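Engineer: Have a look at this one.
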Amino acid sequence: MSKKVLIVTGDAVEALEVFYPYYRCLEEGFETVIAAPTVKTLHTVCHDFEAHSETYTEKPAYQLPAHTSFAEINPEGFDALIIPGGRAPEHIRLNEHLKPIVAHFFEANKPVAAICHGSQVLTVVREYLAGREMTAYQACRPDVEACGAIYQTDTLHVDGNLVSGHAWPDLPGFMREFLKLLR
């Protein structure tokens with residue numbers, strides 16, 4: 001039986017951080033569902049590091065259809081969760097239906113992968129992060145520590161069922177470790 005992977009995101013998701021995991025999971029033959037606050041065409045963004053800027057820059061990127069809404073998700077039907085970054089996490093974490101979805105994956109000890117600003121979604125389930133180790137984009141370190149987690153400066157970290165990555169350049173290792181857990 002094929003594995004089923006849930007990706008939770010919204011508008012302003014970082015394009016590489018959603019498309020790379022999505023297509024990689026499809027390549028593995030996993031049924032992969034993209035959920036958002038509402039069923040719509042999502043507008044992704046491209047974050048890049050440029051010499052003239054002290055932080056990343058943002059440009060419009062591709063469109064991506066959300067297959068379903070958070071309200072329609074039964075997390076028990078999924079084997080793993082991916083949380084991409086970008087600006088989407090700061091907004092989707094406010095959705096009332098997201099917390100029980102994310103909590104289920106920790107309660108059931110299923111693989112959870114959060115990259116870059118995806119760590120901001122985990123602030124809604126801080127009770128599952130206390131004392132755990134994880135990494136995230138450096139600007140998210142205060143969010144990680146506010147959850148009671150121990151921030152790791154490595155760009156990739158695995159702690160039990162949680163795979164965390166710094167940013168899109170870390171996607172190959174991030175997905176390699178996630179797929180190890182999922183298999």
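Engineer: Condition first: surrounded by 12 or more Cβ atoms within 10 Å (Cβ to Cβ) and of a type outside the set (S, T, N, Q). Now tell me which residues in the range 50-71 satisfy that.
Structural biologist: If the condition is that a residue be surrounded by 12 or more Cβ atoms within 10 Å (Cβ to Cβ) and of a type outside the set (S, T, N, Q), then Tyr56, Glu58, Ala61, Tyr62, Leu64, Ala66, His67, Phe70, Ala71 are the ones that fit.
Engineer: Is there any pair with a first residue in the range 37-49 that is at pLDDT below 95 and among the hydrophobic types (A, V, I, L, M, F, W, C) and a second that is surrounded by 14 or more Cβ atoms within 10 Å (Cβ to Cβ) and part of a loop (DSSP other than H, G, I, E, B) whose Cβ atoms are under 9 Å apart and which are 6 or more apart or on different chains, and what are they?
Structural biologist: Close Cβ pairs (under 9 Å, with a partner that is surrounded by 14 or more Cβ atoms within 10 Å (Cβ to Cβ) and part of a loop (DSSP other than H, G, I, E, B)) amount to Phe49/Tyr56; Phe49/Ala167.
Engineer: Looking at the range 151-164, which of the residues that are assigned to a strand (DSSP E or B) and in contact (Cβ under 8 Å) with a residue 24 or more places away in the chain is surrounded by the fewest Cβ atoms within 10 Å (Cβ to Cβ)?
Structural biologist: My answer is Asp159.
Engineer: Also, I was wondering about something else. All but one of (1) out of contact with any strand residue (DSSP E or B) (no Cβ under 7 Å at 6 or more places or on another chain); (2) modelled with pLDDT of 95 or more; (3) assigned to a loop (DSSP other than H, G, I, E, B) hold for Ser53; state the number of the condition that does not hold.
Structural biologist: The number of the failed condition is (2).
Engineer: From the list Gly148, Gly85, Gly173, Gly77, which one is small (Gly, Ala, Ser) and crowded, with 24+ Cβ neighbours inside 10 Å?
Structural biologist: Unique residue meeting the criteria: Gly85.
Engineer: Just checking, how many residues over the range 103-134 are part of a loop (DSSP other than H, G, I, E, B) and without any contact (Cβ under 8 Å) to a residue 40 or more places away in the chain?
Structural biologist: Within the range 103-134, residues that are part of a loop (DSSP other than H, G, I, E, B) and without any contact (Cβ under 8 Å) to a residue 40 or more places away in the chain number 5.
Engineer: Now for a different question. Search the range 126-138 for residues being within 16 Å of the chain's Cα centre (by Cα) and more than 15 Å from Val112 (Cα to Cα), and hand back the single one that is surrounded by the most Cβ atoms within 10 Å (Cβ to Cβ).
Structural biologist: Taking the candidates together, the pick is Tyr137.
Engineer: Further, regarding this structure: Does Val18 qualify as being surrounded by 14 or more Cβ atoms within 10 Å (Cβ to Cβ) and either assigned to a strand (DSSP E or B) or over 15 Å from the mean Cα position of the chain (by Cα) (or both)?
Structural biologist: no
Engineer: Considering only residues that are over 23 Å from Gly29 (Cα atoms), among the charged types (D, E, K, R) and touching a residue at least 40 places away in the same chain (Cβ under 8 Å), which ones fall in the range 76-102?
Structural biologist: Correct list: Arg87 only.
Engineer: Quick one: in the range 58-102, which of the residues that are assigned to a strand (DSSP E or B) and within 22 Å of Thr135 (Cβ to Cβ) is farthest from the chain's Cα centre (by Cα)?
Structural biologist: Within the range 58-102, the match that is farthest from the chain's Cα centre (by Cα) is Glu58.
The values are calculated or read from the model by the stated rules, or taken from the named source; none is laboratory data. Owing to the predicted nature of the structure, the values given are computational and were not obtained by experimental measurement. All Cβ positions, even for glycine, are placed from backbone atoms using ideal geometry, and neighbour counts span all protein chains on display.
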